[in-house]
Amino acid sequence: MFAPTYTITDQLLANIKRINKLVSELNYRRFPNVVLFEMERTAREVSSYASNSIEGNPLPLTEVKKILKSTPTNIQQSEKEILNYNRALEYLAKTLKKKKVGLSVDLILQIHKLVMKDLLLESEVGGIRQNPVVVNNPRTGGVVYLPPDVNQVKLLITELVDFVNDNHDRIDNLILAGIFHKQMVLIHPFIDGNGRTARLATKVLLTQMGLNTFNLFSFENYYNQNVSRYFEKVGERGDYYELAKKIDFTPWLEYFSGGIIDELLRVQKLLPRMAVTPKSEIKDYHQKVLKFISVKGFIRDSDYAKLVGRARPTRALDLQKLIDLGLIERKGKGKATYYQLKV
């Protein structure tokens, strides 16, 4: 039975109170959907970059943005890691919008399957590891941590999931998300992709804070600012079986909650600027395009011409702006061209 040890210190309590205040303030504010859409896209770019960068991916943020905007041919492994993480983010975002998502072993396996697609053997993707693993120091190559035995992993993951689901009414959701994150890393249930899977599953848990943090921010970026400190806080040194009953989650929870504050403050400062930019402003004629598509499923330029008294070159600019904002996408070619909402 998983029973983590932690203390509600003055620092941790202060962090929880501040997070609740920031969440409440953001919930009371209203911004155009296009602003939020742009924010979500930016957050996915930063998350895809930062979470993979933590694991050693060399691609800079500028290159990540290019890859996500236009999938390259002859994809390299570093590019595939970025694309996989972004697809996992998109999948989870869509799922969360449709229904409330609870933590489960199946969800964790599905996340791993998305993150590690074509990066591991097919038998190792989306499945609990069947071989022992060790965690090495990336600089020296020496062994620093021995995860649980193979035959214990599924039980430990199940106990962790049960702990989170059974304690929503007794323990603050932020604490549950933090405990899950660290314990998931310590169990190390996969051959590779443990950190990325843990961070994505934690993002799902954070949606229960009351703010759609999954879409709006990238807590991975906070970790990536000082990777050594992140590994020091989230990991342990030694043999899991010798450490398990001695681990104090308190220092990690203070660090974890501090990172949430850092990101919420960044979002708070950024949203007002995004709300007033001409680039994100949606006019009445743009709204007509979106409304028409929502009813009919698509729109052609000839349809748009009947809705507004605007010249053809201007209509083309209108549609291109909606494409650039990520709200619609172009389908077909030439006279058969039409536009749909971007999924």
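The values are calculated or read from the model by the stated rules, or taken from the named source; none is laboratory data. Since we're looking at a predicted model, the values are computed, not measured. Methodologically, a virtual Cβ is constructed for each residue, glycine included, from the backbone with ideal geometry; neighbour enumeration extends over all protein chains shown.
Among the listed residues Val185, Val134, which satisfies the condition of being of a type in the set (Val, Ile, Thr) and either surrounded by 14 or more Cβ atoms within 10 Å (Cβ to Cβ) or closer than 17 Å to Val101 by Cβ (or both)? Steps first, answer last, please.
Details: Val134 fails: either surrounded by 14 or more Cβ atoms within 10 Å (Cβ to Cβ) or closer than 17 Å to Val101 by Cβ (or both).
None of the other options fit; the residue is Val185.
Of the residues Gly326, Gly332, which single one is over 17 Å from Ile282 (Cα atoms) and either buried (at least 16 other Cβ atoms within 10 Å of the Cβ) or out of contact with any Cys (no Cβ under 7 Å at 6 or more places or on another chain) (or both)?
Working: Gly326 fails: over 17 Å from Ile282 (Cα atoms).
When all the criteria are applied, what remains is Gly332.
For residues that are surrounded by 24 or more Cβ atoms within 10 Å (Cβ to Cβ) and at pLDDT 90 or above, tally how many sit in the stretch 206-247.
1
Return only the number of the condition from (1) assigned to a helix (DSSP H, G or I); (2) closer than 25 Å to Gly235 by Cβ; (3) at pLDDT below 95; (4) not small (Gly, Ala, Ser) that Leu156 does not satisfy.
Status for Leu156: all satisfied but (3).
Sort out for me the helices (runs of 4 or more DSSP H) sitting completely within the stretch 231-343 that have 3 or more residues that are among the aliphatic types (A, V, I, L, M).
Working: elements: 240-243, 250-275, 284-296, 301-307, 312-324.
Correct list: 250-275, 284-296, 312-324.
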